[in-house]
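Below is one structure; the comments refer to it alone.
Any read-out appearing in this document is the output of simple, stated calculations on the displayed coordinates, not a laboratory observation. Being a predicted model, the structure only gives us computed values, none of them experimental. All Cβ positions, glycine included, derive from the backbone under ideal geometry; neighbour counts span all protein chains shown.
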Amino acid sequence: MNAVDPSLRAQRDRFLAFAFAGADVLLELGPEGDILFAAGASAAIFGLADDRLPGLLLNQMTAEADRPTLAEALHRLRQDGRLHRIRLHFTLPDGTLVPTELSGIATQGPGGTVHLTVNHLRAAPQQDGTEGAGEPDSDGFADLVCNRLSQARKDSAGHAVTLVTLPLDPSQLATAEALLRAWSLGGDSVRRIGENSFGLLHEGTLDPATLAARLGKTLGIADPAWATVTLDAPLGQPDLLRCLRHLLGCFGEYGILPHSSLAETFTELTVETQEQTVRFRSLLEAEAIRFVFQPIVCLNHWTVLQYEALARIEQQGKLVFPREFLETARNLDLEHEVNLAICRRAIAVLQDNAGLPVGAKLALNLSTRSLDNSAFANKLVVMLYEHEGLLSRLSFEITESPEVQNLEGVNLVLRRLRSFGCKICLDDFGAGPSAFQSLRALEVDTIKIDGSYLLDAFDSRHGKPFLRAIAGMASEMHMKTIAAMVEQEKAVHLCREIGIDYGQGYYFSKPAEDVTVTTLPAKPFSNLAAPQLKIGR
């Protein structure tokens with residue numbers, strides 16, 4: 001049998017490599033990373049025609065921050081024989097960064113020749129690698145894993161998560177992340193999860209010990225601490241997120257994982273969740289929810305309009321702020337049950353005038369997330385209908401939930417509440433990014449301006465104009481305004497000057513369990529025109 005002509009073998013290898021993935025550019029690299037052959041849309045990616053690339057080093061055309069990733073990817077390619085979808089940037093002669101995706105095969109060419117396919121990413125990847133390692137974000141890594149698996153359009157089988165801690169100087173963090181990207185799924189499934197810790201999602205065939213040894217050698221680290229969990233349980237995104245966050249919490253606190261298998265972790269968390277749910281519901285049934293009340297005061301007549309009911313939890317005879325309680329409720333998907341319990345408690349308070357002056361009005365917080373839940377909304381409407389005689393004394397302060405998109409549906413619920421005689425207030429206006437979107441979509445009677453605007457009015461040149469603009473807009477829309485965080489007399493004068501109707505804050509009263517007798521501070525003004533103040537710089 002005649003020997004195959006070397007030039008024909010080379011053409012065959014190039015053809016096979018190009019057929020390996022429909023690509024914008026095919027590259028053949030020598031053992032030193034030097035380009036031996038190029039074909040395709042090279043000018044768009046490298047700024048040079050195909051025939052000008054041979055002899056150049058691929059590393060020299062790679063974005064500086066991505067060079068460690070390229071070097072590690074080529075090492076992995078020569079070791080494993082195949083490289084799949086690593087994202088990095090090349091630099092055009094004018095400095096423009098071009099986001100690309102590399103795949104490759106290592107053929108039996110002379111001296112370790114490899115073939116790469118390069119695809120131009122028309123949209124930049126979520127993490128382009130051109131910046132240094134970001135701030136630690138374990139929740140962000142859990143979200144990333146779920147998103148990557150969703151994009152892969154397959155269940156979690158065949159993938160794994162490795163968490164690694166590297167004793168590094170801050171100057172080495174970006175290099176470490178760049179190296180890890182070369183081993184991660186898609187070349188960008190890496191996030192910093194702790195001061196010196198990283199999480200990466202990768203193919204299940206990768207041996208974590210090999211990766212740890214490679215990192216140790218490249219970065220000069222002896223025995224990096226690492227832990228791997230196999231993703232062997234095809235879970236829905238909420239359960240997968242819960243499991244991953246549990247694992248990340250254990251790794252962050254103890255440096256180890258409780259299980260090496262996602263299925264084991266899920267089983268443990270399922271039992272733990274059931275136990276927590278039973279304890280949580282027992283607490284609700286024991287009526288542990290209590291209120292403290294804070295007055296909302298008319299700035300013109302100096303009288304109490306209503307009291308905001310602020311939920312607290314009674315534990316060992318003391319009332320505590322329920323931040324952890326509410327966070328647990330949300331994690332257990334019991335937030336709506338808690339909100340219904342709070343509403344039931346509020347109705348009982350109105351019935352008994354418990355801690356309130358006879359006939360006093362009460363304001364209660366509700367989130368758009370709960371109002372967007374049809375089961376919660378239906379139960380709330382039924383509850384209110386059964387106590388229709390009290391509803392003229394009840395109003396709701398609606399807090400934004402950025403993840404809620406169905407504001408039209410939320411507004412239908414608010415219309416029903418208003419038909420009962422309940423007033424609606426948009427709470428913390430200006431604190432979130434979608435305040436004006438919510439104001440456009442929701443029919444409300446009152447706007448409560450986030451307290452930061454009032455504080456800024458005394459410390460910045462734009463604070464007072466912002467307050468004046470919000471008050472003017474509300475007036476034109478026939479809405480009332482409440483200023484939060486009124487803590488000093490000068491804030492009262494400012495609010496009256498720019499036309500804000502009501503105030504709430506420590507200047508009037510701190511929240512208290514019993515406000516049967518409410519004593520406001522002496523009125524700091526006459527009923528004549530409010531004084532003109534010079535506020536801000």
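Observations, loosely collected:
- Under-5 Å amide H pairs with residue 421, H placed in peptide plane, nonlocal only: none
- Centroid-to-centroid separation of the range 30-60 and the range 358-386 [C-alpha atoms, Å]: 65 Å
- Spacing of the modelled spin labels on residue 137 and residue 320, each 7 Å from Cα toward Cβ, amounts to 3.1 nm.
- A Förster distance of 35 Å, applied to the separation of the beta-carbon atoms of residue 455 and residue 43, puts the FRET efficiency at 0.05.
- FRET efficiency estimate (nearest 0.05) - Cβ-Cβ, residue 381 to residue 298, R0 45 angstrom: 0.90
- Angle between the chain longest axis and helix 463-476 axis [Cα atoms, degrees, rounded to 10]: 70 degrees
- Cα-based helix-to-principal-axis angle, 262-285 vs the chain, degrees rounded to 10: 0 degrees
- Annotation: extensible slack from residue 195 through residue 506 equals 108.1 nm (criterion: 0.36 nm per residue apart, minus Cα-Cα distance).
- Ordering of 412-419, 326-333 by packing [mean C-beta count within 10 Å, highest first]: 412-419, 326-333
- Gap separating the Cα centres of the range 177-205 and the range 272-289, nearest whole Å: 38 Å
- Residue-by-residue Karplus 3J(HN,Hα) for the range 486-491, coefficients 6.51, -1.76, 1.60, Hz, glycine and proline x: 7, 10, 9, 4, 4, 5
- Environment charge of residue 421, counting only residues whose C-beta is closer than 15 Å and scoring Lys/Arg +1, Asp/Glu -1: +2
- Label zone (residue 279, point 7 Å along Cα-to-C-beta; backbone nitrogen cut-off 13 Å) within the range 290-333: 325, 328-329.
- Look at the alpha carbon pairs under 8 Å that are at least 6 residues apart: their mean separation over the length of the range 138-270 gives a relative contact order of 30 percent.
- Axis angle, to the nearest 10 degrees, between helix 6-20 and the longest C-alpha principal axis of the chain: 20 degrees.
- Overall, the range 138-270 carries a charge dipole of about 320 debye about its Cα centre when +1 sits on the Cβ of Lys and Arg and -1 on the Cβ of Asp and Glu, all other atoms neutral.
- Computed from point charges on the beta carbon alone (+1 for Lys and Arg, -1 for Asp and Glu), the dipole magnitude for the range 295-503 about its Cα centre is near 400 Debye.
- Using C-alpha pairs below 8 Å separated by at least 6 residues, the relative contact order for the chain is 8 percent.
- The local environment of residue 389, defined by Cβ-Cβ distances under 15 Å, has a net charge of -1 under the rule Lys, Arg +1 and Asp, Glu -1.
- The Cα atoms of the chain cover 106, 55, 43 Å along the three principal axes, with the biggest extent listed first.
- In a reduced charge model with +1 at each Lys and Arg Cβ and -1 at each Asp and Glu Cβ, the chain shows a dipole moment near 1200 debye about its Cα centre.
- Peptides 346-352, 314-320 ranked from most to least packed by the mean count of surrounding Cβ atoms within 10 Å: 346-352, 314-320.
- Paramagnetic reach from residue 203 (point 7 Å along Cα→Cβ, amide N under 19 Å) across the range 63-92: 69-88
- Distance between the modelled labels on residue 267 and residue 514, one decimal in nanometres: 5.5 nm (7 Å Cα→Cβ projection).
- A protection proxy built from the mean count of other Cβ atoms within 10 Å ranks the segments 373-379, 385-391, most packed first, as 373-379, 385-391.
- For the pair residue 412 and residue 327, the difference between a 0.36 nm per residue extended length and the Cα-Cα distance amounts to 27.9 nm.
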